Structure formats: structure tokens, C-alpha cells
Amino acid sequence: MAALTDWVTMELLVTVKAYPSISTKYGEAVCVAGVRLDGPTPEWVRLFPVGFRDLDHASQFDKYQVIRVRAQQHTTDTRRETWKPDVDSIEVVRKLKAGAHWPERRAVLEPMLGPTMCELNRGRRGNGPGPSLGLVRPREVRGIKVRAENPWSEGQLGTAGQGNLLTPKSELVKPDHAFSYHWMCEDRACRGHTQKIVDWELGQSYRSWPQTGQSLLDALEDKWLGQMCGPGRDPMFFVGDQHTRPGQFLVLGTFWPRRRPDEHQLTFPIAA
């Protein structure tokens, strides 16, 4: 068996890329997560840090692409799913197609469903040993909550403005608002969850869509609630907790294939 600090090469189906964060330790970094496919059984893996916008074009990857990467288990992040990648080793292998009901993607991801969000919370309470990543299906989506977000500090702004001579990139902007799903999981005793959405796609849409003000907020809500969690979809949430706040889970992304004819209807929506 390999030691914790050994480097291994793995194949990972990328399911989420979080919006870049800024820190003095890692600079601009992205948390990437997905399903490891090369082991005896599929398992969740988190790659951090990934300086995604500094990668050369050939190494930049999309969601639902399989990548090959050399990594070692993280030495300062105690969550068992977290690995530190050698970003120079990243190789894009293939992409799982969508199709009408996303059968290729469902074949990998539906076996990864569970436990419920309430169970995940209980397993990580007090820095418990439970999973820190998961895919959960909502029983009921109650709405999206929007709140003003604090701006980056001067130090973070300076880090965000640092360029890379080898990989030109646009200015990184922190959205002025945070968006959270308000939802119920399938646990019988669930009292509801309100969890911030940190998907890169949402942050990128916020900064690039042509609408402004309330029109922009309405358009984003229509996409992430009305479309992704709408009657014709079978939404599931990729969730992960925070290194510094065990048990405080975030929605890392939404898996939203078309609903198959035999699937139950999600309760949608009720008052936010």
C-alpha cells in the first residue's frame, strides 16, 4: 500500500470547479472535485489547490471531462478525499457526453448518490470521519436566497490582480452577491438546508452576462432554479464541506439531467 505522501497517477471525472478563491498561502486557487475512476471502486476526490487560470490551454479542462493527474494526499487538509495535484501533469483524456438524459454521466454518478445531506452533516459534526464530499438528491427545492457579499480585502485584490506572463488572463472579479439553495433532503427528519452555491459557472455568469442589477439576479435565479431544478429536470447537488469549518457544506455544483419518464416529480417551487 502506498504511503500517504506518495505520488500516484489517477483518472478523475471532473464534476465541479469552484469559483477561484484568493489566499496569501495559495494565491488564486480553485477547488476541483470529481470521481476517481482508476481504482477498484469509484470514489470522491478533491484536488486543491489548482491554479486553473494559470494552466496552459491544453491542460485546462471542463466539467464532465476525464483527466489524468499525478497527485498525493494532502498533508495539511485532513479531509480524506483531498489530494494535492501536480498541475503540470494534468492531461485531458476524454469527455462524457450529455445526450437526452445524460446516460453516460448518470452511469458513473447515480451509484455515487447518498447518504442524505442530513447524514453527511452528522458524519462531519465535530470534525467527524464521515465523507466531506457527496452527491445528494433534493426532495424539495424551496428557492434561492440572495445576499450581498463582502468585497475582497486589499491584500486579496492585489493577489487577484497579479498576472502571469506565460498565460494571459482576464481580471478576476468577486461577485457582489452570494446565492444559496434553500432545500429539503430525503431524510425524514430534515428541517431544511440553506447552502451557498460556489460553482464557477455561476460566478462566471454573474460577471459576464449582459444584464445588470435586479435583472441579472432574476436571470441567474431563473437558470439555477427555474431551469436546473425545473419540472423537466432531475436535479442533484454536488456538496462538500470546508476545511476550516467541518460540517459546513456548500453546493459545489448542480447535476441536472433531463427527467426520465418513470422518475418522481420534484416538489418545485414553493415560497422561498
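The values are calculated or read from the model by the stated rules, or taken from the named source; none is laboratory data. Remember, it's a predicted structure, so these values are computed and weren't measured experimentally. For neighbour counting, all protein chains shown are included, and Cβ atoms are generated from backbone atoms with ideal geometry for every residue, glycine included. These area figures cover heavy atoms from the full protein model, side chains too; ligands, DNA and RNA do not enter into them. Shrake-Rupley method; radii C 1.70, N 1.55, O 1.52, S 1.80 Å.
Numbers for the structure displayed
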{"read-out": "Net lengthening on full extension, Ala98/Gln214 (0.36 nm per residue, minus Cα-Cα)", "value": "38.6 nm"}
{"read-out": "Share antiparallel - DSSP beta bridges, the chain, percent rounded to 5", "value": "90 percent"}
{"read-out": "Cross-link pairs Lys145/Lys196; Lys174/Lys196; Lys196/Lys223; Lys95/Lys174; Lys63/Lys97 - those with Cα-Cα distance over 18 Å", "value": "Lys95/Lys174"}
{"read-out": "Area of Ile67 that stays accessible when all protein chains are in place (1.4 Å probe, Å², to 10)", "value": "0 Å²"}
{"read-out": "Cα gyration tensor shape for segment 1-103, rounded if a/c is under 1.5, else prolate or oblate", "value": "oblate"}
{"read-out": "Modelled FRET efficiency - R0 35 Å, Ala148 with Ser59, Cβ distances, 0.05 increments", "value": "0.50"}
{"read-out": "Separation in nanometres of the label points that stand 7 Å from Cα toward Cβ, at His243 and Leu113", "value": "3.2 nm"}
{"read-out": "Highest-fluctuation residue, Lys95, Lys17, Lys25 considered, GNM on the chain with Cα pairs under 10 Å", "value": "Lys25"}
{"read-out": "Anchor Lys84: lysines whose Cα lies under 18 Å away (excluding residues fewer than 8 positions away in-chain)", "value": "Lys17, Lys25"}
{"read-out": "Fraction of antiparallel bridges per DSSP, segment 94-239 only, in percent to nearest 5", "value": "95 percent"}
{"read-out": "Karplus-derived HN-Hα couplings along segment 189-195 (A = 6.51, B = -1.76, C = 1.60, θ = phi - 60°), whole Hz, x at Gly and Pro", "value": "9, 4, 9, x, 10, 10, 10"}
{"read-out": "Sparse-neighbourhood loop sites, trypsin sites (Lys or Arg not before Pro) in segment 103-209 - DSSP loop, at most 14 other Cβ within 10 angstrom", "value": "Arg125, Lys169, Arg188, Arg191"}
{"read-out": "Residue-wise HN-Hα coupling along segment 128-142, computed from phi with Karplus coefficients 6.51, -1.76, 1.60 (Hz; x: Gly, Pro)", "value": "x, x, x, x, 9, 9, x, 10, 10, 9, x, 7, 8, 9, 8"}
{"read-out": "Euclidean distance of C-alpha centroids, segment 41-79 and segment 197-214, integer Å", "value": "24 Å"}
{"read-out": "Loop-resident sites, segment 20-64, for chymotrypsin sites (Phe, Trp or Tyr not before Pro), counting at most 15 other Cβ within 10 Å (DSSP)", "value": "Tyr26"}
{"read-out": "Gap separating the Cα centres of segment 125-156 and segment 223-239, nearest whole Å", "value": "16 Å"}
